[in-house]
Amino acid sequence: MRSLLVATSLLALATPAGAKSRHSKRAAHTSKKAHRFAHSFDVPQAVLGQSIGEPWAGHLDHPDELPAGDGYVIRRPWRAFGTRTTVDYVLHAIRDIRERFPDVHVLAIGDISQKTGGAITEHHSHQSGRDADIGLIYKHKPAGFPASFVTATEANLDCPATFALLSDFAETSKLDGGAQVIFLDYEVQGILYRWAKDAGVDDDKLERLFEYPHRGASALVRHFPGHDNHMHVRFKCPAGDRSCD
């Protein structure tokens, strides 16, 4: 499947001027921090020959494992295996968000791949260690979360934190083995887009980032059904890894 292809309503309408100013400053700080994210650590050392084949028709060799840690829950540890670059980028994003938003609820980390890769239930991809499902961030921890992902709405989504998380992954697209595409429901994109635009995030950045509001537009974040409760980050093959497609 080659096509397999993160707020409330506009703050100008929903909050008083003082609150809007505080949110705008937070957004600007978030955007600057996200811009520095890619330069805040060394680019992960790729291990060639880990990802074999394509994300929807491949397997995983000599895998790295996402370790358990504070502030996040790996929903299915037996599916927390991936390439070195995938695991390191996910781990750095988690740590960055925990540092910048220490008061948010626990993060939910979904499937990457099983230890040997290959086909797994509930997915058409996640076979070669380069796909990672990442739960969204909410104003309050929803019932049943993080054991289950929860549908995002304008009423429940923590837009500053979720936008920062998404931006962290987006910044890796400039790096070796970084994000290739991020799948997120079109309507959830809209929630984040409207919040970010109202908060003063640069229009050019939003156009590069989101498919919304032009369905079908070429952007890093693209719509795919079933992704209204998490983001699916697919990472690129590291340079020189000829077994990875």
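Every number in this text was worked out from the coordinates using simple rules, so none of it is lab data. Given the structure is predicted, the values throughout are model-derived calculations rather than measurements. Glycine gets a Cβ as well: all are built from the backbone with ideal geometry, and neighbour counts include every protein chain shown.
Note on region 11-235: the C-alpha convex hull projects to 11.6 nm² when averaged across all orientations. Inter-label distance, ASP103 to LYS141: 1.6 nm, where each label sits 7 Å from its Cα along the C-beta direction. In a fully extended conformation the segment linking LYS205 and ALA217 would gain 2.9 nm over its present Cα-Cα distance, using 0.36 nm per residue.
Once you order the gyration tensor axes a ≥ b ≥ c over the Cα atoms, which shape class does region 113-245 get: rounded for a/c under 1.5, otherwise prolate or oblate by comparing a/b with b/c?
It comes out oblate by the Cα gyration axes.
Per residue, the convex hull spanned by the Cα atoms of region 171-245 measures out at 100 cubic angstrom.
Work out the FRET efficiency for LYS115 and VAL73 from their Cβ-Cβ distance, taking R0 = 22 Å, and round it to the nearest 0.05.
The value I calculate is 0.70.
All other residues whose Cβ lies under 12 angstrom from that of ALA147 are scored, Lys and Arg at +1 and Asp and Glu at -1, for a net of +3.
Here the extension length gained between LEU48 and THR151 equals 33.4 nm, from 0.36 nm per residue of separation less the Cα-Cα distance. Sorting LEU166, LEU175 by the number of Cβ atoms found within 10 Å of their own Cβ, with the fewest placed first, yields LEU175, LEU166. In terms of surrounding Cβ atoms within a 10 Å radius of their Cβ, LYS141, LYS236 rank from fewest to most as LYS141, LYS236.
Neighbour counting of Cβ atoms within 10 Å sorts the residues SER128, SER167, SER218, fewest neighbours leading, into SER218, SER167, SER128.
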